[in-house]
């Protein structure tokens, strides 16, 4: 059996692959490497929701790989982060950063985010061709999360480049090198904050984390690991969300026109856009701690389990006509941000940034169109993330 996630068309359009897998079984073993290595892949909605909350699945990757030989050189402060932990450690770490990512805090950042968006759009003119990923979807989330962490402006492009390379599918050398570069940079930045705490425009979150380490609530390594995770997750997901949402609206001009006419619909419409083409196709690593049954499939102990929100969000059992964008859809909650205790911490911030972009961009350029056919757009070659490499449009 071939690895379906290496289908030549998977990165361009994973949904036919997901549909084929889900039709065969909502939970099944798939090969993901050589020498018989593989994972159980969850593609059904009900099964994915259950798996996200299952006590039989662990995210402690360090425990799973302990004692196993590896050819990789991924920096441990990147691989052993809050996402790769279970309670009570996960609970303690999440509590340390949770207050910075509440819906209320995200809303208070609205004026700052709006100012960045207005500054980006100010130089755009009708008729001009623009890459919405490079010119908008990348720099906006990078500016916001770097401002939150107090990353100096001169370092932000380089930090974003390292973050992007962490998801370079098929290039373990680039991923490993980027992990060490990020860990080294954040270690130095944390040391600088400890020596001379400062306040960024939005209240320097990294200085707050350093204080938590100095108070004994976090270790020094935990501070650096959290900083790396917040940096990467804080802009990668939002960049993909903005790009995917804009493409969906460009391909569905009736939906775009509806949002121009009724901008108050943007928050609810965003849920359908998240369902339709979520920024994360396959969630991060889990493994079974005991034998259990999921979706009629018996899963033994000690094996990897991958949950695919991209597949679950197109399950016709939960979403009738799942391949159709329907801004008036009333259905089950989407799983774009996951579910349970590991639900995406930055979801409120990602939503706020995307809502502000849609409210500003759609009415400003009502004639905006794709600059080339959709089937010629380039997508990032990464199994986990689902995002465009570029989105050229004529304004």
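Miscellaneous remarks
- Residue within the stretch 14-24 that is free of Cβ contacts under 8 Å to residues at least 24 places away in the same chain and buried (at least 16 other Cβ atoms within 10 Å of the Cβ) present: yes
- Positions within the stretch 10-30 being assigned to a loop (DSSP other than H, G, I, E, B) and more than 21 Å from the chain's Cα centre (by Cα), in sequence order: 25, 26
- Test: residue in the stretch 312-319 that is surrounded by 18 or more Cβ atoms within 10 Å (Cβ to Cβ), touching a residue at least 60 places away in the same chain (Cβ under 8 Å) and over 28 Å from residue 356 (Cβ atoms): yes
Listed here are the residues, each with its yes/no results for (1) modelled with pLDDT under 95; (2) part of a helix (DSSP H, G or I); (3) within 18 Å of residue 46 (Cα to Cα).
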residue	(1), (2), (3)
258	no, yes, no
266	no, yes, no
274	no, yes, yes
305	no, no, yes
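- Residue match in the stretch 258-280 (condition: under 28 Å from residue 98 (Cα atoms), buried (at least 20 other Cβ atoms within 10 Å of the Cβ), in contact with a strand residue (DSSP E or B) (Cβ under 9 Å, 6 or more places away or on another chain) and touching a residue at least 24 places away in the same chain (Cβ under 8 Å)): yes
- Test: residue in the stretch 190-209 that is modelled with pLDDT of 90 or more, part of a helix (DSSP H, G or I) and farther than 24 Å from residue 109 by Cβ: no
- Single condition residue 236 does not satisfy, out of (1) assigned to a helix (DSSP H, G or I); (2) out of contact with any strand residue (DSSP E or B) (no Cβ under 9 Å at 6 or more places or on another chain); (3) surrounded by 21 or more Cβ atoms within 10 Å (Cβ to Cβ): (2)
- The single condition among (1) surrounded by fewer than 19 Cβ atoms within 10 Å (Cβ to Cβ); (2) closer than 20 Å to residue 141 by Cβ that residue 298 does not satisfy is (2).
- Count of residues meeting criterion [farther than 29 Å from residue 108 by Cα and in a helix (DSSP H, G or I)] in the stretch 340-395: 3
The values are calculated or read from the model by the stated rules, or taken from the named source; none is laboratory data. Quick caveat, the model's predicted, so the values are computed rather than measured. We place every Cβ from the backbone using ideal geometry, glycine too, and count neighbours over all the protein chains shown.
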